[in-house]
Amino acid sequence: MDELTIQDYISKMEGADAYSSKASLFSNLVENLFGEEVDVGPAGNLFPELEGHLIDERGTLAIEGEDDPQDNIIIEFRKTNLDPLRSKEIIERAENQLRRYVYVVWRERKPELRCLLMASDGLHNFVYRPSLKEGLEAIDLEGGSPFAIDKKLRKIIELEKISYEDFSRGDPDRVCTWLKRLISGRLSDG
């Protein structure tokens, strides 16, 4: 079952070209593999403070932590390919967007709130653990140039890449194991 589910997902994802369709396919994959065990949905549902900051409200997902409600995951889907060998600038833009999301969440809640961040095109998946380099200074995300805002956020928020998985090259067992480790918060355990 898992093998066919993952092969079907990869096939459909290769033809998807919108944020929302990629997020929907990923959400369906997680639901098919894990059922009711995992709460996956639009990021704005779990993090209402992100409203107005999301590129596409239906194209950014959140997964609620399985073991600890603080171990949540925010997933930013990109329309373009995130191949690590050819997409460094696109990956950097996705990382900048993820910094904005975690900044908004931390500003509204507290910087101690643990979460993982993921940039994905549906097949290439980069997972980051965010941390503060210094205090959570006030930054006006609405004013100023996006370049200047991203530069400020890079100074205060570190993104440590803790995992990368290419679903199109991995066998279904590997993809399933990786997803289980992601959702359970054990990606950095080895």
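Hey, of (1) 73; (2) 34; (3) 50, which did the structure itself give for percent of Cα pairs over 24 Å apart when calculated? Among (1) 73; (2) 34; (3) 50, the one calculated here is (2). Sorted on the mean count of surrounding Cβ atoms within 10 Å across their residues, most packed first, peptides 53-64, 131-142, 35-46 read 53-64, 35-46, 131-142.
For Lys161, the lysines whose Cα falls under 19 Å of its own Cα, not counting residues fewer than eight places away in the same chain, are Lys88, Lys133, Lys151, Lys180. Each label point was placed 7 Å from the Cα along the Cα-to-Cβ direction; for Glu14 and Glu134 their separation is 4.8 nm. Charges were assigned to the Cβ only: +1 to each Lys and Arg, -1 to each Asp and Glu. The resulting dipole of the chain about its Cα centre is roughly 820 debye. Rolling a 1.4 angstrom probe over the protein heavy atoms with all chains in place gives the chain an accessible area of 51 Å² per residue.
Taking only protein heavy atoms and a 1.4 Å probe, the accessible area of the chain is 44% carbon and sulfur.
Counting only alpha carbon atoms, the long axis of helix 172-184 and the longest principal axis of the chain meet at about 40°. Return one number: the angle in degrees, 0 to 90 and rounded to the nearest 10, between the long axis of the Cα atoms of helix 2-15 and the longest principal axis of the Cα atoms of the chain. That works out to roughly 60 degrees. Annotation: peptides 88-99, 148-159, ranked by per-residue average of other Cβ atoms within 10 Å with the highest first, follow the order 88-99, 148-159.
From its DSSP helices (H runs of at least four residues, each -39,500 (n - 2.57)), the chain gives a residue-normalised ellipticity at 222 nm of -13000 deg cm²/dmol. Give the separation of the Cα centroids, the stretch 51-110 to the stretch 10-41, in Å. Cα centres, the stretch 51-110 to the stretch 10-41: 16 Å. Our coupling estimate for the stretch 99-105, obtained by passing each phi through the Karplus curve with A = 6.51, B = -1.76, C = 1.60 and θ = phi - 60°, is 4, 4, 4, 5, 4, 4, 5 Hz, Gly and Pro reported as x. If one takes the longest principal axis of the Cα atoms in the chain, at what angle in degrees, from 0 to 90 and to the nearest 10, does the Cα axis of helix 19-34 lie? Tilt of helix 19-34: around 60 degrees.
The values are calculated or read from the model by the stated rules, or taken from the named source; none is laboratory data. Small disclaimer: the values here were computed from a predicted structure and weren't measured. Neighbour counts are summed over all protein chains in view; Cβ atoms, including those assigned to glycine, are modelled from backbone coordinates with ideal geometry. When the accessible area is computed, the model is the full protein with side chains, heavy atoms only, and any ligands, DNA or RNA have been set aside. Shrake-Rupley method; radii C 1.70, N 1.55, O 1.52, S 1.80 Å.
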